[in-house]
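All remarks here apply to the structure that follows.
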Amino acid sequence: MTSADDGGQVYLERIRARLQAGDLPGYAAQEVMGHELRQEYSAAPPTARAASVLALIYPVRDIHHLLFIQRTSPPGDRHGGQISFPGGSADPGDKSAAETALREAEEEVGIDPKRVELLGELTPLYIPVSNFLVNPFVGYLPERPAFTLQISEVARVLELPLAGFFGEGVVTRRDKKLYNGLLLRDVPHWLVSGEAIWGATAMMVGELVAIGR
């Protein structure tokens with residue numbers, strides 16, 4: 001491991017240890033990156049649909065990165081164009097929430113599920129706009145994957161340095177226009193390597209960063 005990644009390696013090991021111990025800060029760490037309008041939606045209703053995502057960490061030229069995707073923008077898609085972790089809704093054949101996350105990552109970006117070391121699960125997060133209860137899993141690959149994009153759903157992949165989320169000044173607030181034209185004021189964003197991440201994904205990253213500090 002090169003000295004350029006001494007921060008990323010440390011954060012990875014802290015994340016691994018906290019997940020293995022089941023030591024999670026929970027929604028308190030997630031809500032820091034949530035807009036004030038969603039504060040009343042911390043609990044999922046009985047009608048919520050199950051979904052899973054995979055926060056995948058792996059080295060790129062000896063520097064640990066975190067994988068995101070930018071979704072395509074079909075007309076009327078509430079999450080169109082957003083940056084997220086690979087993932088999606090549970091299928092009847094999935095044996096577990098973890099299997100959903102791995103299957104979706106394989107379908108969307110070609111990640112081989114047999115190569116992924118699952119480090120553990122973050123706190124499930126309810127997304128009111130689509131009525132999904134999302135189970136976020138953290139995985140590790142010892143090498144950079146070869147991506148095969150599902151072009152109907154994935155516009156591009158984003159590989160962002162893990163250590164970048166632990167620096168100073170990486171959290172900013174911006175106004176955000178939603179798919180329905182509604183303008184949200186003062187929305188928390190992560191700003192890493194020129195990419196802005198907000199919404200439910202930003203909230204999941206918030207808990208990931210909290211356990212890596």
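The values are calculated or read from the model by the stated rules, or taken from the named source; none is laboratory data. Predicted, not measured: the structure shown is a model, and the values here were computed from it. Don't worry about glycine lacking a Cβ; one is built from the backbone with ideal geometry, like all the others, and counts go over all protein chains shown.
Quick notes on this one:
- Of the set (1) of a type outside the set (D, E, K, R); (2) under 19 Å from residue 34 (Cα atoms); (3) more than 15 Å from the chain's Cα centre (by Cα), all apply to residue 123 but (3).
- Note on the stretch 88-147: among residues that are assigned to a strand (DSSP E or B) and of a type in the set (Asp, Glu), the one that is farthest from residue 45 (Cα to Cα) is 117.
- Those residues of the stretch 152-206 which are at pLDDT below 95 and among the β-branched types (Val, Ile, Thr), in sequence order: 187
- Restricting attention to the stretch 78-137 and to residues that are in contact with a Gly (Cβ under 6 Å, 6 or more places away or on another chain) and of a type in the set (A, V, I, L, M), the residue that is farthest from residue 202 (Cα to Cα) turns out to be 116.
- Some residue of the stretch 78-92 being touching a Pro at 6+ places or on another chain (Cβ under 8 Å) and modelled with pLDDT under 95: yes
- Number of the exception - residue 102 against (1) among the aliphatic types (A, V, I, L, M); (2) modelled with pLDDT of 95 or more; (3) closer than 30 Å to residue 186 by Cβ: (3)
- Selection status of residue 81, over 21 Å from residue 24 (Cα atoms), part of a loop (DSSP other than H, G, I, E, B) and not basic (Lys, Arg): yes
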